[in-house]
Every structure is written in C-alpha cells, then in structure tokens.
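Beneath this line is the structure, given in structure tokens, with notes to follow.
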Amino acid sequence: MKKSILITVIASFFAVSSFAKIEPTSLNISISKVVIADSTEFNDYYGSYKMTDNQMVEKMKLFFKDGSLQGEATGYPPTKMTRKKDDEFEETSFGAVITFIRTDGKVTGIKVAVQGQELVGTKE
C-alpha cells in the first residue's frame, strides 16, 4: 500500500510539472563591452624619449604590456597610461597628463604635465 501511494505521488508530481507553464521573468541584465587594446594601436608612441631640462627624469620609455600602453620614467616603476583623446593620455598613479607631439604626422616628442610641472622630451 505504501509503495502504491508513493508511486501515485511521484506520478502526480511529474504529471503536474509537465503541464506547468514557466513564465519568463524580466531580468535586468547589462552587457558591458570590454575593449582590449592591440599593441599595433600604439606603434606611433613606442620608444625612448630624452627628457630635456629635467634633473629628476632623464628618459621616458613607452611600450605595450598587459593590454595597455605603459610608460616608465628613469628611476620609477612602469605605469599604465589611459587614452583620454587622440594623442593625450592620463597616468593616474602620479596624476600625469601625457601629450605626444607630432611633426608632419609623426610622433617626435612628448610633453608630461605632472604635479604642477611640464616636462618635455624628444623621441630618440
């Protein structure tokens, strides 16, 4: 008797669940687009820049690492640079704004505005 009751309960469950209608619910899903920089995107900027009239930083090297443009000033660790617009980047660790100088469409120099100073360098 117990087996027949158990079988009836199980059969009823499956019968009811097979007719159950699942209503779609409203989900608030946001999809964000992650943009990974390509190393070729920054080709114009790569290289070494000799900083003029500055005792603290002799050179600034720019290279691609970990999906971003990175800058490394003499005596300082490499830091990530984030593009603000065309040839202007921001470095948040030191609060610097880096602007690349072009001559005839080619990057020939760099200007770094940091902590109330403006450092200028020429591409080597």
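Maximal additional length on extending the Lys84-Lys106 stretch stands at 6.0 nm, based on 0.36 nm per residue less the C-alpha distance.
The HN-Hα couplings worked out from phi for segment 52-65 by the Karplus form 6.51 cos²θ - 1.76 cosθ + 1.60 (θ = phi - 60°) are 9, 6, 9, 7, 7, 10, 7, 9, 10, 10, 10, 7, 9, 7 Hz, whole numbers, x standing for Gly and Pro. Segment Val120..Asp53, full-extension length gain: 23.3 nm, with 0.36 nm per residue of separation and the alpha-carbon distance subtracted. Measuring nothing but protein heavy atoms, the accessible surface of segment 77-124 at 1.4 Å probe radius is 48 percent carbon and sulfur. Other residues lying with their Cβ under 14 Å from the Cβ of Pro77 contribute a combined charge of 0, Lys and Arg counting +1, Asp and Glu -1.
The values are calculated or read from the model by the stated rules, or taken from the named source; none is laboratory data. Because the structure is predicted, anything quoted here is derived from the model rather than measured. Methodologically, a virtual Cβ is constructed for each residue, glycine included, from the backbone with ideal geometry; neighbour enumeration extends over all protein chains shown. Note: areas computed on protein heavy atoms with side chains; ligands, DNA, RNA excluded. Shrake-Rupley method; radii C 1.70, N 1.55, O 1.52, S 1.80 Å.
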